[in-house]
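Student: A single structure is presented below for examination.
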Amino acid sequence: MNDIELLRDFARNGSETAFEALVRRYTPLVHSCARRMTGAQADDVTQAVFMVLVRKGPRLCRKDYPSLAGWFFRTARLASLEWLRAQARRQQREQAVAKEQSEMTVSHDTESTLWEQIGPHLDAALERLGTVDR
C-alpha cells in the first residue's frame with residue numbers, strides 16, 4: 001500500500017496495521033529530524049509527531065498531500081521547535097525560582113545576623129524591666 005492508502009485506512013477504519021506501517025516507514029525520518037534539533041529528546045518528539053498523526057489523520061485524508069514524507073518532516077520540525085521553546089520556558093522558571101530561593105536565603109541569613117547582634121541587647125533590656133512589665 002502507498003502512504004495515502006495507509007493513511008486513509010488508518011483514519012477511516014482505525015486500522016492498527018496501517019498505523020504500524022506508517023510508524024515503521026516514517027520513524028527514521030522523524031527521529032533523525034528531531035535528533036538534529038533536540039538531541040537526546042528525539043524519542044519524545046518522535047512520539048509526539050505520531051500522536052499528532054492520530055489526532056489529525058482524518059483531516060489529512062481530506063487533503064491531497066503530494067508527499068506524506070513532507071508532512072512528517074514539517075511536523076517533526078514543528079514538534080522539535082515546540083519542545084525547545086518549552087525547555088527554554090522551563091529553564092527560565094527554574095532560574096527564577098532559584099533566584100528567589102537564593103534571595104530568601106540571603107534575607108534569612110541577614111535576619112539571623114541581625115538577631116545575633118540585637119539579641120543580647122534585647123535580653124539585657126528585658127532583664128532590666130520590672131516583673132510586671134517583663
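Student: Considering only the stretch 24-37, state which residues are open to solvent by 40 Å² or more (accessible area, probe 1.4 Å) and over 10 Å from R77 (Cβ atoms).
Tutor: R24, R25, T27, P28, L29, H31, S32, R35
Student: Check V132, V97 and return the single one that is under 30 Å from M37 (Cα atoms) and at pLDDT 75 or above.
Tutor: One residue alone meets the criteria, V97.
Student: Let me ask something additional. Pull up the stretch 38-49, narrow it to residues that are surrounded by fewer than 18 Cβ atoms within 10 Å (Cβ to Cβ) and either more than 15 Å from the chain's Cα centre (by Cα) or polar (S, T, N, Q) (or both), then point me to the one that is nearest to A88 (Cα to Cα).
Tutor: The selected residue is Q41.
Student: Criterion first (exposed (fewer than 10 other Cβ atoms within 10 Å of the Cβ) and either more than 30 Å from E5 (Cβ to Cβ) or among the small types (G, A, S) (or both)) does V132 satisfy it?
Tutor: yes
Student: Continuing with the same structure: If you scan the stretch 50-62, which residues turn out to be more than 20 Å from A86 (Cα to Cα) and open to solvent by 30 Å² or more (accessible area, probe 1.4 Å)?
Tutor: Listed by number, the residues that qualify are V54, R55, K56, P58, R59, R62.
Student: Also: When you look at G57, is it among the small types (G, A, S) and closer than 16 Å to F10 by Cα, yes or no?
Tutor: When the stated conditions are applied, G57 passes them.
The values are calculated or read from the model by the stated rules, or taken from the named source; none is laboratory data. Since we're looking at a predicted model, the values are computed, not measured. Positions of Cβ are backbone-derived with ideal geometry, glycine not excepted, and every protein chain shown enters the neighbour counts. Calculation scope for accessible area: heavy atoms of the full protein, side chains included, ligands and nucleic acids excluded. Shrake-Rupley method; radii C 1.70, N 1.55, O 1.52, S 1.80 Å.
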